[in-house]
Amino acid sequence: MHQLDETALKQWIEESIATGSNILAAGYQGQTLLYEDDNNRYVIKVPHGKGLARSFHRRMLRHEYEVYKKLGDFDGAPACYGLIDNQYLVLEFIDGRTIRTKRPLDEDEFHAKLFAHIRTMHAKSVAHMDLKRKDNLLVKTDESPCILDFGAAVIKKPGFHPFNHYHYQVAKQFDYNAWLKHKYHDRSSDNISMVDRKYYKVTWIEAVASLIKALYLKLTGK
C-alpha cells in the first residue's frame, strides 16, 4: 500500500466523510478526497448514496480498481495504490489542469502523446470509453497528457466472450473518436487529416445520440 497505514487512512476517510472535509471534487458516483502525508498527496475516491445506489457505486470503484490492475505500469494515468475496505480507491495525485480549462502549449505534441497512451492502453486490453469528457483529460505541469476516471472503462476478456468483445471494440472506437474530437477542436470530421481519418468512424451509439440531440435542439429552438 505504498507505505500507507490502511487502518489510519480508513479512519481519516470516514472522519472526512462525516465532517465533509478534505473534498477535492464531487460527482454523481461519489466524492474525491485529497489526502496528504509528509511526502506525498493522494486522491481517495469514495462512493456515496445509500442502499442499492451505494452498492452500485462501490461496484464501479471495484471495477475501476480492476482496470488499474490491468493497466499495471502505465504512465498515461495516475498510479493506483489499492482499494481499502473494498470501497475506497487510492490513487496518485497528479498536478495539472483539465483540458476544459487549459489548452496544452504544444497541441501537436500533446495529442501525439495522448494517441500513444491510447494505443498502449488498448494493447493492455483496456478501452476508456469516456475520453470525450474534457474533465477526464489532464494537462500535467510538464504539459504531457494524463487520462483520468476509468469508471466506464471496458476490459477485454480472454477467450470466447462475443458480447464483451463487441463492447470492447465499440469502446476502442469511442477512444479514437474522442482523441480526434479534442485534436481538431470539435470541428467537422471533414477537417480531419488523411493520416488521421483511418481512426475515425461514427459508432451507432454516437449516431443515435447525435440524432436525439439534433431533434432536441429543433424542438426547443436552441
Q | Checking Asp175 against (1) among the acidic types (Asp, Glu); (2) modelled with pLDDT of 85 or more; (3) surrounded by fewer than 16 Cβ atoms within 10 Å (Cβ to Cβ), the condition it does not meet | A | (3)
Q) Among the residues of segment 161-181, is there at least one that is touching a residue at least 60 places away in the same chain (Cβ under 8 Å) and among the basic types (Lys, Arg)? A) no
Q.
Tell me yes or no: at least one residue of segment 121-137 is of a type in the set (Gly, Ala, Ser), outside the structural domain of Glu66 (by TED's automatic domain parsing), exposed (fewer than 14 other Cβ atoms within 10 Å of the Cβ) and part of a loop (DSSP other than H, G, I, E, B).
A. no
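The values are calculated or read from the model by the stated rules, or taken from the named source; none is laboratory data. What you are looking at is a predicted structure, and each value in this text was computed from that prediction instead of being measured. Glycine gets a Cβ as well: all are built from the backbone with ideal geometry, and neighbour counts include every protein chain shown.
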